[in-house]
Amino acid sequence: MKIGHRILPTVLGAWALLSAETKVWEKEGVPPPQPLATRVSVGAYIFPGWYRDAGRGDVPYFSHDEQSEWKRNVMKVPGPRPLLGFYDDSLPEVNDWHIKWALEHGVSYFVFDWYWNAGEKRLARSLERGFLKAKYAPQMKFCVNWCNHGLDWKATTNGRLEFGQERLVSMIEYCADTYFKLPNHLSIDGRPVFMIYEVGPVIKACGGAEGFKKALAAMNAVMKSRHLKDLYLVYMDRYDGAETRAAGLDALTAYVWLGADPSSAYEWRGGQCLPYAEMPAYYLFKWRQLVASAPPPYILPIGSDWDNRPRNGAKACFYTGRTPGAFKGMLSESLRFVDKRMNLALIEAWNEWGEGSYIEPDRRYQFGLLEAVAEVFGTRAASHVDWVPSAAKVRSYSVLSDAELAQAKAAETNAYPDPPLALKAFSASVDKPLPAKDPLLAWEFSAGKEGWTGFYLDALEAQGGLLTGVVNGDDPKILRDGLALPVDSIGTLAVRLRVSPGLNPVEVFWATAEEPKESPVRCTRFALETDGAWHTYQVAPIRADAWKGSLKLLRLDVGRSGDRVEYDWIRLYRK
């Protein structure tokens, strides 16, 4: 069944799942996995650290390792509730259940979020004391995703993040000795996979692409000294692709994409929600972008859901209304975009309980989400038995006391009230009549660039009344600073432009004298026509909820690497 540009809730709800019988395992240990063969190798991110509690840190001061997210967040809200309860994931037996359930539903590798800075680790017990010591770990491939962002680093760097060559080499020495040498470590062409979450700061710390290539050579020398093949480096799609490819990285993926298709009636806005149908529609938009940009080899990222109210409370923006059938529809659509060079897909996530993005069995969906994975990617043709531990076993895995469990049970009775739907706070139109009034401010580019500057644009120039440039990176933009207009006098932004054919969203950022930094809060996104012809776009109001003060800066982000972008004019019209 082919799903079109927007996956409608009625269509999503039509996806049926095979039935499965659930039985309680009364014996000791965990029954052996019966792996399911799949047409694509499917993985899932693991967020570690579901063991955390006071006094369980690995450093000599109170650290992130000790701040139990079960206790701080998840137990205090109505859900979600894992089938394994509020488990300690540094226990090998807990990991054996994860491994069994994953393998039997077509998930064949785990990517552990891994926190390291200059020799200091965080949240490593889940992997090193739990997964790697599990009985069935040899059957499950794994690798790490170096989450090189701020936590509470103190012992070695006084809170600084250090990514220079010496630090990178010592990190790879540790990984080679601890992870890469293991036969179940994920490899591509025999090269151990290593993922980097924030690759831009690492390349910068090494002095740019050439400096990073020297650091990579030193890291590969470590690999060679351990009789291992070179690293296979995978980066997230958050940085300039040209620079990362020049730096010697091999492939890309993503962690999670959050938002709405630019043509959607909704937008991503804190404190509000979007129908779940918007998530697969947004991924479809992003997958098409990925394919259109002629990227290096990629591991196809797939989202499962997003509801981070356990962490962010009323400030959260999230999707609502997921069902296993809806998730199955999204997975089915993803098959068209799997990179045949890699034949790998990666779901976010197995167990992000604080963010509501999980496929691990829980009390709401049981095995429904995993069954969706099995039926789309696997070879299952009949029902089967899903084994679960006894209630006594689940209690033995818990990090909560009896009193805390009672508190968690009471929290389940207070259902979340869904906030309003995040309908767009603006309207966008194409090729409609312009306002009758003269513009407040206009740039016709008949007198040069007229104060506009460009970034990630080659040969930005103004000639013949056009401002033109060729995109040379993944974050192209033109901006005009030094403005001084009261925003309450501005009703419409209009721009006439032409860009190379394809999927081209536009982002409009602004800053004010009162809030002089650009921000996702002060941003409007809408879709461009994909035919490569001239079109006039109008946005009004730009964002009523965040359009305040005195306009200081206006910025337009248009195009993908290699696109030619041409602006005929940009105008601001009075209300």
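All of 521, 487 fail the test of being touching a residue at least 12 places away in the same chain (Cβ under 8 Å), of a type in the set (A, V, I, L, M), in the same structural domain as residue 432 (by TED's automatic domain parsing) and under 17 Å from residue 267 (Cα atoms), apart from 521.
Filtered by the rule that a residue be within 26 Å of the chain's Cα centre (by Cα) and either surrounded by fewer than 21 Cβ atoms within 10 Å (Cβ to Cβ) or not charged (D, E, K, R) (or both), segment 546-562 gives 546, 555, 556, 557, 558, 559, 561, 562.
Residues that are in a loop (DSSP other than H, G, I, E, B), over 21 Å from residue 349 (Cβ atoms) and of a type outside the set (Lys, Arg) within segment 364-408 comprise 379, 381, 382, 383, 384, 390, 400, 401, listed in sequence order. Number of residues in segment 100-130 that are touching a strand residue (DSSP E or B) at 6+ places or on another chain (Cβ under 6 Å) and within 23 Å of residue 205 (Cβ to Cβ) equals 5.
Restrict the check to segment 400-420 and report whether at least one residue is more than 30 Å from residue 74 (Cβ to Cβ) and surrounded by 16 or more Cβ atoms within 10 Å (Cβ to Cβ).
no
Restricting attention to segment 426-451 and to residues that are surrounded by 16 or more Cβ atoms within 10 Å (Cβ to Cβ) and within 32 Å of the chain's Cα centre (by Cα), the residue that is farthest from residue 567 (Cα to Cα) turns out to be 426. Only one of the numbered conditions (1) outside the structural domain of residue 332 (by TED's automatic domain parsing); (2) among the hydroxyl-bearing types (Ser, Thr, Tyr); (3) more than 16 Å from the chain's Cα centre (by Cα); (4) crowded, with 20+ Cβ neighbours inside 10 Å is violated by residue 264, and that is (1). From the list 300, 346, 335, 331, the one residue that fits, being of a type in the set (A, V, I, L, M), at pLDDT 95 or above, surrounded by fewer than 19 Cβ atoms within 10 Å (Cβ to Cβ) and not assigned by TED's automatic domain parsing to the domain that holds residue 475, is 335. Residue 341 satisfies every condition listed in (1) within 30 Å of residue 472 (Cα to Cα); (2) modelled with pLDDT under 95 except (2). With the requirement that a residue be part of a loop (DSSP other than H, G, I, E, B) and in contact (Cβ under 8 Å) with a residue 12 or more places away in the chain, what does segment 57-73 give you? Within segment 57-73, 58, 59, 60, 61, 63, 67, 68, 73 qualify. Can you name the residue in segment 180-226 that is β-branched (Val, Ile, Thr) and outside any helix (DSSP H, G or I) and, of all such residues, is surrounded by the fewest Cβ atoms within 10 Å (Cβ to Cβ)? My answer is 188.
Each residue in segment 427-446 was checked for being in a loop (DSSP other than H, G, I, E, B) and either assigned by TED's automatic domain parsing to the domain that holds residue 262 or closer than 24 Å to residue 462 by Cα (or both), and 6 pass. Within segment 267-282, being surrounded by 22 or more Cβ atoms within 10 Å (Cβ to Cβ) and in a loop (DSSP other than H, G, I, E, B) holds for 267, 269, 276, 277.
Regarding residue 461, is this residue in the same structural domain as residue 316 (by TED's automatic domain parsing) and not in a loop (DSSP other than H, G, I, E, B)? It is false that residue 461 is in the same structural domain as residue 316 (by TED's automatic domain parsing) and not in a loop (DSSP other than H, G, I, E, B). A count restricted to segment 123-173 and to residues that are at pLDDT below 95 and not in a loop (DSSP other than H, G, I, E, B) stands at 0. In segment 109-164, of all residues being touching a helix residue (DSSP H, G or I) at 6+ places or on another chain (Cβ under 7 Å) and of a type in the set (Gly, Ala, Ser), the one that is surrounded by the most Cβ atoms within 10 Å (Cβ to Cβ) corresponds to 130. Pairs linking a residue in segment 81-108 that is assigned by TED's automatic domain parsing to the domain that holds residue 69 to a residue that is in a strand (DSSP E or B) and among the aromatic types (Phe, Trp, Tyr), with Cβ atoms under 6 Å and 6 or more positions apart or on different chains, are 94/87. Consider segment 317-335 and keep the residues that are touching a Gly at 6+ places or on another chain (Cβ under 7 Å) and not hydroxyl-bearing (Ser, Thr, Tyr). The one that is nearest to residue 370 (Cα to Cα) is 324.
Among the residues of segment 283-334, which ones are assigned to a loop (DSSP other than H, G, I, E, B) and within 14 Å of the chain's Cα centre (by Cα)? Those that are assigned to a loop (DSSP other than H, G, I, E, B) and within 14 Å of the chain's Cα centre (by Cα): 299, 304, 305, 306, 307, 308.
The requirement of being touching a His at 6+ places or on another chain (Cβ under 9 Å), modelled with pLDDT of 95 or more and charged (D, E, K, R) is fulfilled nowhere in segment 69-88; no residue meets it. Would you check if residue 72 is basic (Lys, Arg) and closer than 29 Å to residue 205 by Cβ? So residue 72 fails the test.
On inspection, residue 368 fails the criterion of being out of contact with any Pro (no Cβ under 8 Å at 6 or more places or on another chain), closer than 27 Å to residue 24 by Cβ and modelled with pLDDT of 95 or more.
The values are calculated or read from the model by the stated rules, or taken from the named source; none is laboratory data. Computed from a prediction, not measured in an experiment: that's the story for all the values here. Counting neighbours? That spans all protein chains shown, and the Cβs are built from the backbone with ideal geometry, glycine included.
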